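Values in this text are rule-based calculations from the coordinates and carry no lab data. Source: prediction; values computed, not measured. Virtual Cβ from ideal backbone geometry, glycine too; neighbours counted across all protein chains shown.
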Ligand code: SF4
């Protein structure tokens, strides 16, 4: 199976895209087109590079210091099937999984393959970037409408549980 990425590197280390040291998979393609988006070059679904997810898995095998992986973009949920396989693989290796989406948690639940991906996500940062709610003091998100969600607990209870410790300002 293939996945279209925004970067030549399959995994990019980061300390700002989720808690701890993370390896980010920057997916290509996003139709949310949020005003003020930091990565408009990731919008085009035909840009970037297409890679085999087996190559991504091999890179995951080489991680040692990282706490987990982060699926970002673009919006990784537009490539939900490939991301599900990657997230499942990472979790099998003991890594935690964060994901960013311009969709809300509630809307992701309505689409079969997106809901399936959520089963392998520990923490979701959801919702579009809203420039009038932008704040540089927020942890791990760009605007205050975005929520940092405990996905397993939210799926179990059928309602959104936000992770309170990330509410505090930087
Ligand atoms: S969802 Fe993210 S990548 Fe897509 S337009 Fe909005 S801010 Fe940009």
* Structure fact -> Cα-based Rg and Dmax for region 21-97, in Å, come out at 12.9, 37
* In the Gaussian network model of the chain, springs joining C-alpha atoms below 10 Å, which of 46, 107, 62 carries the largest mean-square fluctuation? -> 62
* Asked: Roughly what % of DSSP beta bridges within region 2-166 run antiparallel, to the nearest 5?
  -> 55 percent
* Principal axes first, then extents: for the Cα atoms of region 2-166, list largest minus smallest coordinate on each axis, whole Å, largest first. => 38, 33, 31
* Asked: Which of 146, 66, 28 moves most in a GNM of the chain, Cα contacts under 10 Å?
  -> 66
* To do: Springs between alpha-carbon atoms under 10 Å, Gaussian network over the chain: tell me which of 104, 42, 137 tops the mean-square fluctuations.
  => 137
* **Order of 114, 1 - criterion: other Cβ atoms within 10 Å of each residue's Cβ, fewest first** => 1, 114
* Structure fact -> Neighbour-count ranking for 75, 112 (other C-beta within 10 angstrom, fewest to most) reads 112, 75
* Structure fact -> The exposure ranking of 83, 34, fewest beta-carbon neighbours within 10 Å first, is 34, 83
